[in-house]
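Any read-out appearing in this document is the output of simple, stated calculations on the displayed coordinates, not a laboratory observation. Just so you know, these numbers come straight off a predicted model, no measurement behind them. Every residue, glycine as well, gets a Cβ built from its backbone with ideal geometry; the counts of neighbours run over all protein chains shown.
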Amino acid sequence: MPTSRIEAFSDGVFAIVITLLILSIQVPPIKGDPGRVLGGALLGMIPKFLSYTLSFGIICIWWVAHHHLYILIAKTDRGLLWLNSLFLFFLASVPFPTALLGDFPRQRVAVVAYGAVMALAGLSFSSMRFYAFYIGKLTIPGIDRTLLKRAMLKSALNPTLHVIAVALAWVNTTASLVLYVAIPLLFFIPTRLERISMADDER
């Protein structure tokens, strides 16, 4: 089966999830003179803005990775359809822990919930990549297997680090939050395989 429908459906879900992230941030209710209390109310919302920014960045990274992955995939099958759906399930869950973390940034339960959803989303994406590369053998012919292996290892790093951050939250929530912020930075630089896919896409 061609990949066009799965890509179009996935892009729609990405767009909806990003939209839902900002909808969790509402104008603060103000009692009394806004000139006196509005600034303080907005300062109190900084954790909300930070959690929104973090999740927005992570989702954009996944969107770029998803795009690069499907440039490499020549065709899809039923297994890949279900794995992609599983990834979208966890992706669609991101707005809830994002809002939870924004409201309760110092609560261990909120920090753990955020990392758990991110780890599951990352694991499902890595599983989809592994299936396409090695089980379904759905990639376009002629790709260097070493590059596929390196890309797979980097992909697996995302859920692994999120699991570490979740475990760290039971010791120090601040350290866990710092790791949440650091993880996306590792994925801004494209792999060699992604650079090749970008060149092929431009052609």
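The calculated FRET efficiency for the pair Asp103 and Ile189, based on their C-beta separation and a Förster distance of 30 Å, comes to about 0.35.
The H on the amide N of Thr139, modeled in the peptide plane, is under 5 Å from the matching H of Ala74, each at least 5 residues off or on a different chain.
Which one, Ala41, Ala99, Ala132, has the greatest fluctuation when you compute a Gaussian network model over the chain with C-alpha springs under 10 angstrom? The residue that fluctuates most here is Ala41. FRET efficiency for the Phe49 to Met1 pair, using the beta carbon distance and R₀ = 35 Å, is estimated at 0.25.
Between Ala74 and Arg150, the simple spin-label model (points 7 angstrom out along Cα→Cβ) gives 2.3 nm.
The C-alpha atoms of the chain define a longest principal axis, and helix 78-93 lies at about 10 degrees to it. Rounded to the nearest 0.05, the FRET efficiency derived from the C-beta distance between Ala41 and Phe130 at R0 = 30 Å is 0.05. Between Val178 and Ala8, full extension at 0.36 nm per residue minus the direct alpha carbon distance yields a gain of 57.8 nm. Of the peptides 162-170, 116-124, 71-79, the order by per-residue mean of other Cβ atoms within 10 Å, starting with the highest, comes out as 116-124, 162-170, 71-79. Each residue of region 58-67 is assigned a 3J(HN,Hα), and the resulting list reads 5, 5, 5, 5, 5, 4, 5, 5, 4, 4 Hz, derived from the Karplus form 6.51 cos²θ - 1.76 cosθ + 1.60 (θ = phi - 60°), x at Gly and Pro.
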